[in-house]
Amino acid sequence: MPGPAHGPAFAAANDPGADAWVPLAGCEHRVPGMLRPWLAEPGLLTARVRAACGEATSLRMLRLVAAPLVPHLRARLGVEDAGCLLREVEINCGAIRWVFAQSVFPDSTVERCPWLRALGDNGLGESLSRVTDVRREPFEYLELAPSHGLARAALGNAGTGGPLWARRAIYRVGGRPILVQEVFLPGLGHCG
């Protein structure tokens, strides 16, 4: 496994602007029309991409690294862990990236669910759907400025001229939390 996390991805998991996340009703009037159904998707996002993209769908793990867990995330997740595993994946349609997802697995969750270390290119949501005692808390949404750590992690060096939309939710596996943040990229809906 690579060394401790740093750079934009680390900044995304530890961005202090995390408290600005709101329910969809609090920001829906600003969401572009074509994006609303994606943000409001109640089921597995990977399944929705597969339904839209077919066999051209691919999921690729970008990285899995140890990272510190900052106080505001500890409080949001309800844990006292000092560290976590940070997992990043992209969901593509052909050569076009549609979604960037970042998962934060507190150390205590990984200790209880060691299989999280071995997900590889498998979707977290699909893996969680096969586990008993999983509960998802309500989604929260945020319009990410290009300078936001999560936007920078999602785009890497590609950059963007405008904001991106993201949603996040806490999943509890046997009471242990996992934070999943999904960023909807400019290529969403296009296949190449």
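All of the numbers you see were taken from the coordinates with simple rules; none came from a lab. The model shown is predicted, which means the values in this text are computed figures rather than measured ones. Heads up, the Cβs are rebuilt from the backbone with ideal geometry, glycines too, and the neighbour counts pull from every protein chain shown.
When only alpha carbons are used to place a centre, the stretch 103-151 and the stretch 31-80 end up 7 Å from one another.
Among His190, His148, the order by Cβ neighbours within 10 angstrom, fewest to most, reads His190, His148.
Qualifying GluC sites (Glu not before Pro) in the stretch 39-91, where qualification requires a DSSP coil assignment and no more than 15 other C-beta atoms within 10 Å, comprise Glu80. Remark: the stretch 22-142 is approximated by an ellipsoid whose semi-axes, taken from the C-alpha gyration tensor as √(5λ), come to 25, 20, 14 Å, largest first. Once the Cβ-Cβ distance of Val22 and Val134 is raised to the sixth power relative to R0 = 22 Å, the FRET efficiency obtained is 0.35.
Taking other C-beta atoms within 10 Å as the exposure proxy, His72, His29 rank His29, His72 from fewest upward. For Cys191, put the label point 7 Å out on the Cα→Cβ axis and report which residues of the stretch 71-107 keep their amide N under 14 Å from it. In the stretch 71-107, the label zone of Cys191 (backbone N under 14 Å from the point 7 Å along Cα→Cβ) covers 92-98.
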